Amino acid sequence: TEIEAAARRLFERLDVRRRGMLDCGDIAKIIDDEKLAGRLLTVLEVDSTGKVDWRTFRKGFTKLPVNLIVELSASQHKLAGLAKDDLVAPTIRGTDSDSQAHLAEIIHRFNLRSRRKYIDPLEDKNSAVFKTEVWKLKHEGHRPNGEDWLKRDYWINKEGDICFHSVTENRAMMYCSKADLHSATIEEADVGEDSAQRWVFRLHPRDKDGSELKATEFGVPTREGMRYWIAQLKKVSEQAKQEC
């Protein structure tokens with residue numbers, strides 16, 4: 001198929017060592033666009049040494065939305081032209097402490113950036129018990145910049161998961177699960193007068209094993225709306241604690 005052919009072309013372009021095996025750290029270096037690299041890495045089932053073979057790469061690649069496949073395919077001519085000497089030597093990878101730390105940092109960063117999962121909005125469990133429009137501060141955005149606040153539909157579903165509609169991918173997605181709210185920090189954000197959104201709350205999920213996820217700030221039109229969101233999220237967090 002055309003998608004598999006696109007996957008093969010990208011795999012061969014990323015396989016700079018010509019070993020038939022990709023290194024997670026190499027992918028992050030070669031693809032200049034961090035967002036694209038992150039989305040690709042989050043669908044790949046990387047083994048314990050940070051390696052990805054062709055079969056695993058193809059399986060993950062086909063999970064990507066069509067628009068991202070097109071974007072990745074179109075970006076191939078812009079991939080960073082790194083030589084083998086620019087990359088971590090394969091004989092060191094997995095044994096050198098600095099290499100292991102670098103790989104762990106890469107995987108951790110991309111996992112924090114994307115805990116999102118596709119959901120079926122027509123399933124009863126994903127129907128909303130509470131839903132409003134919010135303004136989400138984008139990754140590395142700045143509060144005073146109005147363009148950095150993205151208007152989105154967010155809701156809490158019947159399972160207690162936090163869901164939203166992705167405008168970029170035109171699909172319903174899960175922002176975080178109920179379990180991720182087990183030890184979450186849910187609080188009003190102390191924003192300055194220059195913030196484009198006045199009433200802002202911060203959600204910093206942490207699941208029950210203590211794993212830290214990416215914090216996000218959300219703006220709402222009124223103080224009452226902000227407080228209601230905080231109350232609903234704390235209610236779900238308490239339920240998660242009781243169920244563990």
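The values are calculated or read from the model by the stated rules, or taken from the named source; none is laboratory data. None of these values were measured; they are calculated from a predicted model. Counting neighbours? That spans all protein chains shown, and the Cβs are built from the backbone with ideal geometry, glycine included.
Quick check on the range 149-165. Is at least one of its residues of a type in the set (Asp, Glu), assigned to a loop (DSSP other than H, G, I, E, B) and closer than 30 Å to Val66 by Cβ? Taking every residue of the range 149-165 in turn, at least one turns out to be of a type in the set (Asp, Glu), assigned to a loop (DSSP other than H, G, I, E, B) and closer than 30 Å to Val66 by Cβ.
From the list Thr222, Thr168, Thr185, the one residue that fits, being surrounded by fewer than 14 Cβ atoms within 10 Å (Cβ to Cβ) and modelled with pLDDT under 90, is Thr168.
So is Lys241 over 20 Å from the mean Cα position of the chain (by Cα), among the charged types (D, E, K, R) and either modelled with pLDDT of 95 or more or under 21 Å from Pro144 (Cβ atoms) (or both) or not? Here the answer is no, as Lys241 does not meet what is asked. Within the range 5-48, restricting attention to residues that are among the acidic types (Asp, Glu) and modelled with pLDDT of 75 or more, the residue that is nearest to Val70 (Cα to Cα) is Glu12.
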